[in-house]
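Read through the structure below, which is laid out as structure tokens, and then see the notes.
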Amino acid sequence: MNQIIGLLDCHNSPELGGLTYSRPLASTSFLGRYAFCDFALSMFSNAGVDAIGILVKDHQRSMLKHMGNLMSWTNNTKIGREAIFYNERGILNPAYNTDVANVKENDWVLYDSNATTIVIASPHVVANVDLRPIIEEHIANGEDLTVVYKPIEDADQEFIGAYAYEIGPDGYVTSTGKNAGRKKKANVSLEIWVLKRDLLFEILKAHERVDMSFGFRETMQYILEQGRLKVKAAPWTGYARRFDSFKHYIDYSFEMLDRKVSASLFVPERPIYTLTHDTPPALYGAHSSVSDSMVSNGCIVEGRVKHSIICRDVRIGKDAVVEDSIVFSNVAIGDKAKVKNCVIDKYSVITARHAIEGAEKTPIYLKQGAIL
């Protein structure tokens, strides 16, 4: 698919407490070996979109570390490219550090390309949407803007604060607003937009004219309310979750231990790519026990792991027990230690015979580099 630019918008992601203190949600670990940005970038790649800009709001170091050589999500390594967009001026003035300002600061990518279509996606909405037919229909019908939405029946519990659309019988958006959780049914935004290049330039101009603190979402809504824009709505009925709280991070991670749920996200014809690590397979000791868990490569497990997600290069000592927990990479859990209902961040150490146990509804978060 030619003449298309993909933009990964990391500006609007919610904070997840300590998890996102020193990293953006986009580069936060998910399921042991992925980062949240992998899913949106893979959607681009699977749709043939190989010119990609990554709009980084802050914590640039963490994003650069995960992105590596910037080629893990590019199918066409000859002409495809990925670029980090960073608005240095925005760091000095956080109120105006928006995604629109970031694109304006890095508008060279627009002038260096003949792309006529722009696709924008956000990392905090995890889905594996087949973008190819959506983009093809958008181009074929000459649409100005196409938004991807999911009809849900639990809007009083999920996607709270997300944009929701009222959609007419002709498939076009009639109004937008935020989901306040007052209704069960809603057409919630998956924060995927396909738009014409000309519309992007109009948004950049309107941004200066209307409110410099507006981002893409607010500016597009303003243009829609002015009646100057027809917005086509494209439904998606597959798996989609909005990671907007620490609780949802845990709940949605653990639901992936259900094979039926994980199969709805990890679809063979649309693989999820990530940065590879040259590490050996996990090694299990003679007396280890692992059940209902995900264990990543590079781990050494000599204890018992139950209903947990273990990231790369974790060491679990002899007779140690890890239950109902998420353990980030490079964590060491000593012999006969016990970990239950916890999220343990990178480089932490749980010493031998130490026990740390949270409650099911109030799990404990152990910050990066902690030693107990």
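The values are calculated or read from the model by the stated rules, or taken from the named source; none is laboratory data. Computed from a prediction, not measured in an experiment: that's the story for all the values here. Neighbour counts are summed over all protein chains in view; Cβ atoms, including those assigned to glycine, are modelled from backbone coordinates with ideal geometry.
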Original post:
If we scan the stretch 282-293, do we find a residue that is modelled with pLDDT of 95 or more, under 20 Å from residue 36 (Cβ atoms) and not in a strand (DSSP E or B)?
Top reply: no
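Taking the condition at pLDDT 90 or above, of a type in the set (Asp, Glu) and either surrounded by 22 or more Cβ atoms within 10 Å (Cβ to Cβ) or not assigned by TED's automatic domain parsing to the domain that holds residue 246 (or both), does residue 50 pass?
Values: at pLDDT 90 or above: no; of a type in the set (Asp, Glu): yes; either surrounded by 22 or more Cβ atoms within 10 Å (Cβ to Cβ) or not assigned by TED's automatic domain parsing to the domain that holds residue 246 (or both): yes.
No; evaluated as a whole, the condition is false for this residue.
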Original post:
Mind checking whether some residue in the stretch 241-248 is part of a loop (DSSP other than H, G, I, E, B), within 23 Å of residue 158 (Cα to Cα) and in contact with a Phe, Trp or Tyr (Cβ under 7 Å, 6 or more places away or on another chain)?
Top reply: yes
**OP:** Considering only the stretch 92-143, state which residues are closer than 22 Å to residue 218 by Cα, out of contact with any Cys (no Cβ under 9 Å at 6 or more places or on another chain) and acidic (Asp, Glu).
**Re:** 105, 107, 143
**OP:** Of the conditions (1) modelled with pLDDT under 75; (2) outside any loop (DSSP other than H, G, I, E, B); (3) buried (at least 22 other Cβ atoms within 10 Å of the Cβ), residue 82 clears all except one; give me its number.
**Re:** (3)
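Go through the stretch 161-210 and count every residue that is in a loop (DSSP other than H, G, I, E, B), in contact (Cβ under 8 Å) with a residue 60 or more places away in the chain and crowded, with 17+ Cβ neighbours inside 10 Å. Even if it seems obvious, please write down each step before you answer.
Restricting attention to the stretch 161-210, the residues satisfying the condition of being in a loop (DSSP other than H, G, I, E, B) are 161-162, 168-171, 179-185.
Filter again for in contact (Cβ under 8 Å) with a residue 60 or more places away in the chain, leaving 161-162, 171.
From what's left, crowded, with 17+ Cβ neighbours inside 10 Å: 162.
Total meeting the criteria: 1.
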**OP:** Confirm whether residue 110 is surrounded by 15 or more Cβ atoms within 10 Å (Cβ to Cβ) and at pLDDT 95 or above.
**Re:** no
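Residues are listed down the side, and each one gets a yes or a no for (1) assigned by TED's automatic domain parsing to the domain that holds residue 163; (2) part of a loop (DSSP other than H, G, I, E, B); (3) in contact (Cβ under 8 Å) with a residue 12 or more places away in the chain; (4) closer than 22 Å to residue 190 by Cα:
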position: 91; (1), (2), (3), (4): yes, no, yes, no
position: 95; (1), (2), (3), (4): yes, no, yes, no
position: 102; (1), (2), (3), (4): yes, no, yes, yes
position: 110; (1), (2), (3), (4): yes, no, yes, no
position: 114; (1), (2), (3), (4): yes, yes, yes, no
position: 118; (1), (2), (3), (4): yes, no, yes, yes
position: 123; (1), (2), (3), (4): yes, yes, yes, yes
position: 126; (1), (2), (3), (4): yes, no, yes, yes
position: 129; (1), (2), (3), (4): yes, yes, yes, yes
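Pick out the one residue from 333, 350, 309 that is under 30 Å from residue 42 (Cα atoms), in contact with a strand residue (DSSP E or B) (Cβ under 8 Å, 6 or more places away or on another chain) and either assigned by TED's automatic domain parsing to the domain that holds residue 253 or β-branched (Val, Ile, Thr) (or both). Outline the logic, then answer.
Values: 333 fails: under 30 Å from residue 42 (Cα atoms); 350 fails: under 30 Å from residue 42 (Cα atoms).
Matching residue, one of 333, 350, 309: 309.
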**OP:** Assess whether residue 222 counts as being in a helix (DSSP H, G or I), at pLDDT 95 or above and not acidic (Asp, Glu).
**Re:** no
**OP:** Would you be able to say whether some residue in the stretch 291-306 is over 29 Å from residue 43 (Cβ atoms) and surrounded by fewer than 16 Cβ atoms within 10 Å (Cβ to Cβ)?
**Re:** yes
**OP:** Any chance you could count how many residues in the stretch 131-145 are assigned to a loop (DSSP other than H, G, I, E, B) and among the acidic types (Asp, Glu)?
**Re:** 2
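Of all residues in the stretch 150-171, count the ones that are in contact with a strand residue (DSSP E or B) (Cβ under 7 Å, 6 or more places away or on another chain) and either more than 16 Å from residue 193 (Cβ to Cβ) or not assigned by TED's automatic domain parsing to the domain that holds residue 249 (or both). Spell out how you get there, then give the answer.
Filtering the stretch 150-171 for residues in contact with a strand residue (DSSP E or B) (Cβ under 7 Å, 6 or more places away or on another chain) gives 150-152, 155, 158-159, 161-168, 171.
Restricting the remaining residues to those that are either more than 16 Å from residue 193 (Cβ to Cβ) or not assigned by TED's automatic domain parsing to the domain that holds residue 249 (or both) gives 151-152, 155, 158-159, 161, 166, 168.
Of the residues in that region, 8 qualify.
Does residue 304 count as of a type in the set (D, E, K, R), without any contact (Cβ under 8 Å) to a residue 24 or more places away in the chain and under 24 Å from residue 277 (Cβ atoms)? Break it down stepwise before answering.
Values: of a type in the set (D, E, K, R): yes; without any contact (Cβ under 8 Å) to a residue 24 or more places away in the chain: yes; under 24 Å from residue 277 (Cβ atoms): no.
Judged against the criteria, residue 304 is not a match.
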Original post:
From the list 117, 176, 146, which residue is among the β-branched types (Val, Ile, Thr), within 24 Å of the chain's Cα centre (by Cα) and farther than 26 Å from residue 270 by Cα?
Top reply: 176
